[in-house]
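Visitor: Take a look at this one; I'll ask things after.
The values are calculated or read from the model by the stated rules, or taken from the named source; none is laboratory data. Predicted, not measured: the structure shown is a model, and the values here were computed from it. We place every Cβ from the backbone using ideal geometry, glycine too, and count neighbours over all the protein chains shown.
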Amino acid sequence: MVPLASRGQRLDKVAANLFADVSRSELARWFRSGEATVDDRPAKPNFAVRGGERVRVRATRESRLDWRAVDDVPFSIVHRDADLIVVDKPAGVVVHPGAGNPRGTLVNGLLRLCPELASLPRGGLVHRIDKDTSGLLVVAVNPASLLALGDSMRARRVDRRYLAVAEGRMVAGGRVALAIGRDPRNRLRQKVRADGRPAATYFTVRARYPAHTLVEASLETGRTHQVRVHLAAIGHPLVGDRRYGARGVVPPHVPAAQAAAVHGFARQALHAHRLDLKHPATGEAMTFRSQTPADLQALLAALGPADVVA
């Protein structure tokens, strides 16, 4: 259904937001061929929508993604048994095949270790983290585990915690509950919006620096880019996260080399450092931790003296 707020916009642009995993050019091709319709009638890609129309797609899409290819991908195994694998993913590795990354992802690397993942939906993934976020995620090894872990995730019985370096000095932590949805002006971004999906994050201040704050974030929900969006919404975007408004803040009165280390941090400063769950077969409580990666350690060292919060 075309949102009423989209009135006057081009059909192909609006459809690209409705079908987020399809490119605008592919959608335009479907409209021109009649495989995509508006209120069951053909429509040109540049048609100006009124709002409220129903867009339907009846197209056969050839998959360009390869969920079965085996690739050599860097990652560490924290735990492995007959039911699950806990992975420590470095920054820069995409979790699963998608637009722009048809293979060479974590899933493709895991297939070298565990070929049976090829038979599972989403390669056994229970959740995911962004390409430039480092840290822990859990992968199911068989259908029963995938079902059990998926149920635990939806019931919020899996505790995922992140270390995040935010710009500015936060006075205190707390709970941020702001709905999140896709940014209609940039489909690569999410944003706080009243009609978005409910989202809540708990933040705890771990250390304050002259111009930054180290926080631990705990997810109550699991929306795309949730920690990044919520920190930006309260005025404290992640260091390096220019997609969500990072300003390149550097500590005052520091040497040029130290300022360059902060200003030049090459990714969002976010690390999934702890994962708590119950084993899908035995019910055993399990806790996994990941060491702070070297680039994040170097960033913290460059921020200046820390006021550690107990």
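Visitor: Of the residues L113, L11, L18, only one is within 23 Å of the chain's Cα centre (by Cα) and without any contact (Cβ under 8 Å) to a residue 60 or more places away in the chain; which?
Guide: L18
Visitor: Would you point out the residue of the stretch 3-41, among those that are touching a Pro at 6+ places or on another chain (Cβ under 7 Å) and of a type in the set (A, V, I, L, M), that is nearest to V55 (Cα to Cα)?
Guide: My answer is L11.
Visitor: Please find, within the stretch 158-173, the residue that is surrounded by the fewest Cβ atoms within 10 Å (Cβ to Cβ) out of those that are assigned to a strand (DSSP E or B) and of a type outside the set (D, E, K, R).
Guide: L163
Visitor: Moving on. Kindly list the number of the only condition in (1) in contact (Cβ under 8 Å) with a residue 40 or more places away in the chain; (2) not assigned by TED's automatic domain parsing to the domain that holds D295 that fails for R182.
Guide: (2)
Visitor: Kindly check whether there is at least one residue in the stretch 200-209 that is outside the structural domain of K131 (by TED's automatic domain parsing) and under 16 Å from the mean Cα position of the chain (by Cα).
Guide: Among the residues of the stretch 200-209, at least one is outside the structural domain of K131 (by TED's automatic domain parsing) and under 16 Å from the mean Cα position of the chain (by Cα), which makes the answer yes.
Visitor: Can I ask one more? Determine if the stretch 245-254 includes at least one residue that is assigned to a loop (DSSP other than H, G, I, E, B), of a type outside the set (A, V, I, L, M, F, W, C), in contact (Cβ under 8 Å) with a residue 40 or more places away in the chain and farther than 16 Å from A166 by Cβ.
Guide: yes
Visitor: Can you tell me which residues in the stretch 266-288 are within 18 Å of V165 (Cβ to Cβ) and at pLDDT 95 or above?
Guide: If the condition is that a residue be within 18 Å of V165 (Cβ to Cβ) and at pLDDT 95 or above, then R267, Q268, A269, L270, H271, A272, H273, R274 are the ones that fit.
Visitor: Between V229, V239, which is under 19 Å from H127 (Cβ atoms), crowded, with 16+ Cβ neighbours inside 10 Å, in contact with a strand residue (DSSP E or B) (Cβ under 8 Å, 6 or more places away or on another chain) and assigned by TED's automatic domain parsing to the domain that holds R189?
Guide: One residue alone meets the criteria, V229.
Visitor: Out of the stretch 96-134, which residues are touching a His at 6+ places or on another chain (Cβ under 9 Å), part of a loop (DSSP other than H, G, I, E, B) and closer than 23 Å to V22 by Cβ?
Guide: T105, R128, D130
Visitor: With out of contact with any strand residue (DSSP E or B) (no Cβ under 7 Å at 6 or more places or on another chain), assigned to a loop (DSSP other than H, G, I, E, B) and not assigned by TED's automatic domain parsing to the domain that holds G240 as the only criterion, which of A82, A28, A91, A43 stands out?
Guide: Only one candidate passes the filter, namely A82.
Visitor: Further, regarding this structure: Can you tell me which residue in the stretch 277-307 is surrounded by the most Cβ atoms within 10 Å (Cβ to Cβ), limited to those that are among the hydrophobic types (A, V, I, L, M, F, W, C) and not in a helix (DSSP H, G or I)?
Guide: Among those that are among the hydrophobic types (A, V, I, L, M, F, W, C) and not in a helix (DSSP H, G or I), it is L303.
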